[in-house]
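The structure appears right after this line, and notes come after that.
The values are calculated or read from the model by the stated rules, or taken from the named source; none is laboratory data. Quick caveat: nothing in here was measured; it's all calculated off a predicted structure. Please note: Cβ atoms are built from the backbone with ideal geometry, for glycine as well, and neighbour counts cover all protein chains shown.
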Amino acid sequence: KGSVGTLASILKEYEQIREFFTSATLVSIIDMPFACIFLFFIWYIGGHMVIPVIIGIFILIGVTLLVQPRLKKLSESSQEESHDKHSVLVETLSGLETVKLLGAGGLLRKRFKSVVTKQAKSADEVKRHTFFSTNLTQEVQQAVQISVVTVGAITVTTGEYGYGAIIACTILSGKALLPFVQLAQLLSRLNQIITGYNSLDGLMRQPTEHAKGSDYLRRGKYKGEVSFENVSYSYPNQDGLALEEISFLIKKGERIGIVGRVGSGKTTIGKLVTKLFPPKSGKILVDGVDISQLDPSEIRENIGYVSQEPWLIAGTVEQNISFGATEIKTEQMIQAANVSTSSDFINAHPKGFKQLLDERGEGLSGGQKQAITIARAIVKKPPILIFDEPTSSMDARTEKNFIDRFKKYNAEATILLITHRTSLLSLVDKVIVVDKGKIVGSGSVQAFLKATKSDKNTKSTGEKSKLESVVGV
């Protein structure tokens with residue numbers, strides 16, 4: 001939940017909290033009990049000279065408590081604006097190329113300038129209140145020492161105390177006031193720390209996949225059977241259902257294509273199988289076991305997933321292909337690269353699999369990135385493969401090479417192919433048609449392609465067939 005920039009900003013609060021609890025200012029609280037001892041000795045040595053010190057302590061406490069509520073509100077406002085600033089910054093940097101191509105730099109610059117200006121105003125107000133509190137405490141400290149000397153001078157004229165008592169009480173008054181002066185400074189920082197802690201605590205309290213006390217079943221290697229039983233799902237903060245009472249059975253080793261127009265719910269089906277999202281209702285079973293009873297990590301170890309948007313890390317091609325897999329042999333990696341067609345451009349590079357890639361695979365084309373993610377999915381030979389538009393960025397020739405090689409590869413896995421490209425349907429045996437979150441049809445690939453061809457022939461009459469309206473062909 002929340003933007004990446006906001007989450008990164010919240011995590012930074014940990015460093016400030018750690019620094020606060022290890023700072024010398026916090027340790028100064030230990031001196032607080034000694035203030036009472038110093039007050040006793042001032043009274044014992046100088047009598048009435050203790051009165052200005054006690055009054056000064058109450059003034060310091062009063063000023064500190066008076067300023068804190070306002071500082072707390074300002075700290076919360078400043079932190080929220082800091083999160084907004086990081087959010088805009090990360091969003092801009094992650095899509096910098098698109099921003100330049102669209103000429104949208106000016107718009108994002110205004111957004112960034114706006115949030116920075118708001119944060120600067122809040123930060124300045126926090127500083128003003130902090131400086132006011134700090135300066136006032138110092139003035140009170142000076143006034144107390146002057147008052148102690150004044151009271152001491154009066155007592156000297158009466159012969160009640162000597163000059164030594166004045167000097168001693170002046171020194172002790174500074175020692176007695178110091179913990180309360182530091183307390184004012186400490187509480188000013190404490191508001192910022194509490195605000196940061198609350199944000200960090202809120203993040204840490206978010207539900208996790210491995211909840212405390214959860215007792216998942218361990219299955220080891222899966223067979224590959226997948227079934228949905230009246231599954232419905234809706235995305236957070238979205239009206240309507242993304243999927244509504246979906247039911248189907250995919251047996252071990254079956255190859256199923258899931259087709260439909262954009263936004264029909266195809267991708268959601270794939271993500272539900274991987275347990276990225278829990279269904280709103282219904283059951284999802286893998287090998288006859290409800291995935292709510294299975295460890296999410298174990299499920300994903302048994303699934304090779306190719307996302308619509310390929311994601312690569314900064315590192316070598318070898319590291320990207322083997323990313324997330326353990327004990328991968330070199331032969332497996334070479335085979336996966338060959339099947340995915342990534343070997344074509346890997347072998348053309350002088351460093352081959354040791355070629356260094358930048359963050360997010362910058363420098364590679366979209367099709368090359370997809371080829372590497374396909375290799376990553378099949379390298380560990382999982383029992384379930386989910387391909388979500390795996391060739392959307394590939395040219396026709398590369399796509400054909402992938403199809404031919406994947407057929408020869410003969411993966412012993414259950415395959416869910418999410419696509420709107422009829423060219424990829426040669427990789428599957430059956431088709432499930434999805435529209436508006438519901439299954440509206442299913443059957444063999446041959447029957448689907450025949451119906452699709454028939455629908456295209458109706459375009460000359462100006463009519464729109466049912467299949468065309470569903471699949472968008």
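Numbers below:
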{"item": "Residue ID - surrounded by the most Cβ atoms within 10 Å (Cβ to Cβ), chosen from residues in the range 355-378 that are in a helix (DSSP H, G or I) and among the polar types (S, T, N, Q)", "result": "GLN370"}
{"item": "Yes/no for GLY220 being surrounded by fewer than 16 Cβ atoms within 10 Å (Cβ to Cβ), within 25 Å of the chain's Cα centre (by Cα), farther than 26 Å from ARG421 by Cα and at pLDDT below 90", "result": "no"}
{"item": "Residue within the range 379-392 that is in a helix (DSSP H, G or I) and either among the hydrophobic types (A, V, I, L, M, F, W, C) or crowded, with 17+ Cβ neighbours inside 10 Å (or both) present", "result": "no"}
{"item": "Complete set of residues in the range 254-270 that are crowded, with 18+ Cβ neighbours inside 10 Å, on the phi < 0 side of the Ramachandran plot and out of contact with any helix residue (DSSP H, G or I) (no Cβ under 7 Å at 6 or more places or on another chain)", "result": "ILE256, SER264, LYS266, THR267, THR268, ILE269, GLY270"}
